[in-house]
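Scroll down for the structure; my scribbles are underneath it.
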Ligand code: CMC
């Protein structure tokens, strides 16, 4: 029937009203609650950004201190949670571990999360933001076979996270402040991006009144795919596969070939038809991190910069308005920070959690929101009669 608008991939359907994030894809603008992403990334910190996304305003000093204190209070996870990790094969992908363990949090906070109670909604939000670094670091430690490191509440969010990832009980470990600042900036860049696939998944899951921890697990599952958050991992793997600058034209030719499914990972975006503003900041951060670590030549960075140059001057990419997106330079940066490729999307999930939870909260508090229920255009068999099995041919 022609009763419904057919819009596969929701390219022209707005599913909600939102006050959180604004994107102008033609201009390459990204605002959180009205503030340009570069101002937040260059002058703010991640927890301040979390406050902004959740409450709509930048905090005063007193509000900020109180918020940091309240988030920090929830950094530990229930000790029983560590047994969930032990159930995974040690070669399990950390994103698989994240989907499972974050989903499991819903069991720990099911009875204490009445989503009709604003106070309980807020506690659930704080818990989620506070526990994600702990869980992400545990997924990493489990994967490499090192002991779990407990959170340290005297450290800032990103310093604590890097310490949980990279310290071991047998030696002193001090996080380099330049690197933790870079980590924090990367988290800010990923914090929200309006109604992308994973955020829409969280909203749709939450629209039934489901437990918010379970909804975030659904968002993590959606983020995992290479067309979405998994692109940072895929982009670095692609740069490694290209291997040297002289092989770039071959890969550019493949990306343009309609008979080859290969795409340039970290290129193109549903909304941005201009340079992704996050990609620019990420590129600067990448140079800062490599500089701090004294990495003079990163062959993958050389390949990335040359690939960008070639693609931005190629008719195919120009015509289709395909520019580098956030995932193009993030992999090189995260690798320099010490993370293996399969942790990249986990870091994305960690940072995006605040966006998911802010959007979930906005939806739950919006009286016009009903359960999400897309319609379809049915193209299957018309009604027909059941045939007994011995009469089927
Ligand atoms: N390399 C080569 N060709 C491309 C690429 C690419 N990376 N991206 C899009 N195209 C072509 C595509 O073949 C299509 O051509 P045609 O019109 O001739 O059929 C045209 O450009 C439009 O592409 P689309 O797939 O219809 O666009 P979309 O809005 O559905 O997809 C995208 C957006 C991001 C999934 C896609 O650009 C892509 O697959 N990029 C690579 C993966 C990637 O980097 N994803 C990260 C996105 S940003 C962060 C995040 O969301 O996590």
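The values are calculated or read from the model by the stated rules, or taken from the named source; none is laboratory data. Note that the structure is a prediction, hence the values are computed from the model and not measured. Here Cβ is always computed from backbone atoms with ideal geometry, including for glycine, and neighbour counts include all displayed protein chains.
For the reader, a short list of remarks on this structure follows.
- Hits in the range 267-311 - residues which are surrounded by 22 or more Cβ atoms within 10 Å (Cβ to Cβ) and over 17 Å from residue 325 (Cα atoms): 289
- Test: residue in the range 350-370 that is under 30 Å from residue 254 (Cβ atoms), buried (at least 20 other Cβ atoms within 10 Å of the Cβ) and away from the ligand (no atom under 12 Å from the Cβ): no
- For the range 250-273, the condition of being part of a helix (DSSP H, G or I), within 25 Å of residue 352 (Cβ to Cβ) and more than 9 Å from the ligand (Cβ to nearest atom) holds for none of the residues.
- Only listed residue being within 9 Å of the ligand (Cβ to nearest atom) and modelled with pLDDT under 95, chosen from 302, 297, 276: 276
- Note on the range 328-344: among residues that are buried (at least 24 other Cβ atoms within 10 Å of the Cβ) and over 17 Å from residue 288 (Cα atoms), the one that is nearest to the ligand (Cβ to nearest atom) is 344.
- Those helices (runs of 4 or more DSSP H) of the range 18-124 in which at least 2 residues are touching a strand residue (DSSP E or B) at 6+ places or on another chain (Cβ under 8 Å) and touching a residue at least 24 places away in the same chain (Cβ under 8 Å), considering only elements entirely within it, cover 37-43, 46-55.
- The condition (being surrounded by fewer than 12 Cβ atoms within 10 Å (Cβ to Cβ) and more than 16 Å from the ligand (Cβ to nearest atom)) is satisfied by just one residue among 87, 56: 87.
- Candidate set: the range 233-266, residues that are over 24 Å from the mean Cα position of the chain (by Cα) and closer than 20 Å to residue 9 by Cβ; chosen: the one surrounded by the fewest Cβ atoms within 10 Å (Cβ to Cβ): 258
- Where residue 384 falls short, out of the listed (1) over 30 Å from residue 210 (Cα atoms); (2) within 23 Å of the chain's Cα centre (by Cα); (3) part of a loop (DSSP other than H, G, I, E, B): (2)
Residue-wise test of (1) under 25 Å from residue 320 (Cα atoms); (2) within 14 Å of the ligand (Cβ to nearest atom).
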| residue | (1), (2) |
| --- | --- |
| 222 | no, yes |
| 236 | yes, yes |
| 242 | yes, yes |
| 246 | yes, no |
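- Odd one out for residue 227, checked against (1) within 20 Å of residue 123 (Cα to Cα); (2) within 15 Å of the chain's Cα centre (by Cα); (3) without any contact (Cβ under 8 Å) to a residue 60 or more places away in the chain: (1)
- Pair list, Cβ < 7 Å and 6+ apart or interchain, from the range 193-208 residues that are within 16 Å of residue 370 (Cα to Cα) to residues that are more than 16 Å from the ligand (Cβ to nearest atom) and assigned to a loop (DSSP other than H, G, I, E, B): 200/15; 203/16; 203/372; 204/372; 207/369; 207/371; 207/372; 208/371
- Inter-residue pairs, beta-carbon under 8 Å, first over 15 Å from residue 270 (Cα atoms) and in the range 312-325, second part of a loop (DSSP other than H, G, I, E, B), 6+ apart: 312/323; 316/322
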